[in-house]
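Visitor: The structure that follows is given in the form of structure tokens.
What follows draws every value from the coordinates through simple rules; no lab data is involved. Everything numeric in this text was worked out from a predicted model, so none of it was measured. Glycine gets a Cβ as well: all are built from the backbone with ideal geometry, and neighbour counts include every protein chain shown.
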Amino acid sequence: MKRRHFLQTISLGAAGLYTKDLFGGASKAKSMALQLYTVRDAVAKDLEGTLAKVAALGYTELEIYGYDGTFFGKTPAEFKSILANAGIKVISSHHLTGLKEKAKGSLTDGWDKAVEDLNFIGAKYMACAYLFDNERTPEIYASLPDLLSRSGEKTAAAGIQFAYHNHDFEFEKYKDTLLYDHLIKNTPADLVKMELDLYWIVKAGHDPIDYFGRYPGRFPLWHVKDMEAGTGDITEVGHGKIDFDKIFAARDKAGLKKWFVEQDTSKGDVFESIKASHDYLAKKKYT
């Protein structure tokens, strides 16, 4: 299922009208990590301003997206300076395969340079983010474990852990198993970890805790986002039906190291959404 790009357009100028209320008490906000894709429309308009806003809301660690030889049009040195000025660290980065949809900085085009640049800005993880519809073929599925393993070898040499991020299609049948299990079983556990998106595995009808038991230690990264009751839509963390207390209770079995709040779509203002998720999670003892 493709991510849909229909967030409301955010006016950064108008945002100043509610900044005081939105960021009230933010200096004491508990630090969390955010997948920056959540606020991609704002990033496209004003990178520095958006980073300042998410930091003020308590998100001082990021998983980024869109590396194409630059970071949002900035050189590695420029981007590192912007991060430092915002008081933010990049923990992880998402990348495409480049198998059908060609892209610089993907697993098959400029991967060595991507690893070098992510290492330069201090990232500890790099993940394969997504397979496009035309990349979901039996031939690609058969060869994908080898590509993931080779990509992991390159990141490991730089001290970066490689991972694979799921959506829901990975839980469809492939040969005599599921694609997700095929990828896990046919890649080295040290080179290829799994970044488990809690929403998408639940959406596909599977239990994260079951997977933690079957493949212990394989899930150091999670995407934390909730599912609206009734519609099944993505919603703010704590506003839906996913039992995060139960899932986080199994974090040691999973091998959890870092989790990122993400909200692919929002029915309201996306900054209000990530504030709501932050406020809910800040009351928990998940870290």
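Visitor: If you scan segment 63-98, which residues turn out to be of a type in the set (Lys, Arg) and touching a Leu at 6+ places or on another chain (Cβ under 8 Å)? Before the answer, list the steps.
Guide: First, the residues of segment 63-98 that are of a type in the set (Lys, Arg): 74, 80, 89.
Across segment 63-98, the qualifying residues are LYS74, LYS89.
Visitor: Checking THR265 against (1) in contact (Cβ under 8 Å) with a residue 40 or more places away in the chain; (2) more than 17 Å from the chain's Cα centre (by Cα); (3) part of a loop (DSSP other than H, G, I, E, B), which single condition isn't satisfied?
Guide: Unmet condition: (2).
Visitor: Let me confirm something: among ASP233, ASP243, which residue is surrounded by fewer than 22 Cβ atoms within 10 Å (Cβ to Cβ) and free of Cβ contacts under 8 Å to residues at least 24 places away in the same chain? I'd like the intermediate steps shown before the answer.
Guide: Details: ASP233 fails: free of Cβ contacts under 8 Å to residues at least 24 places away in the same chain.
From the options ASP233, ASP243, the qualifying one is ASP243.
Visitor: Which of the residues that make up segment 89-135 are basic (Lys, Arg) and in contact with a helix residue (DSSP H, G or I) (Cβ under 6 Å, 6 or more places away or on another chain)?
Guide: Looking only at segment 89-135, we keep the residues that are basic (Lys, Arg), and these are 89, 100, 102, 104, 113, 124.
Selection gives LYS100 alone.
Visitor: So, in segment 122-174, exactly how many residues are among the hydrophobic types (A, V, I, L, M, F, W, C), more than 22 Å from LYS102 (Cβ to Cβ), within 20 Å of the chain's Cα centre (by Cα) and in a loop (DSSP other than H, G, I, E, B)?
Guide: Qualifying residue count for the region: 2.
Visitor: Which residues, taken from segment 34-56, are surrounded by fewer than 23 Cβ atoms within 10 Å (Cβ to Cβ), of a type in the set (A, V, I, L, M, F, W, C) and either closer than 24 Å to LYS285 by Cα or in contact (Cβ under 8 Å) with a residue 60 or more places away in the chain (or both)?
Guide: ALA55, ALA56
Visitor: Same structure, new question: Taking TYR280, is it touching a residue at least 12 places away in the same chain (Cβ under 8 Å), of a type in the set (Phe, Trp, Tyr), part of a loop (DSSP other than H, G, I, E, B) and over 30 Å from SER143 (Cα atoms)? I'd like the intermediate steps shown before the answer.
Guide: On the way: touching a residue at least 12 places away in the same chain (Cβ under 8 Å): yes; of a type in the set (Phe, Trp, Tyr): yes; part of a loop (DSSP other than H, G, I, E, B): no; over 30 Å from SER143 (Cα atoms): yes.
For TYR280, the condition - touching a residue at least 12 places away in the same chain (Cβ under 8 Å), of a type in the set (Phe, Trp, Tyr), part of a loop (DSSP other than H, G, I, E, B) and over 30 Å from SER143 (Cα atoms) - is not met.
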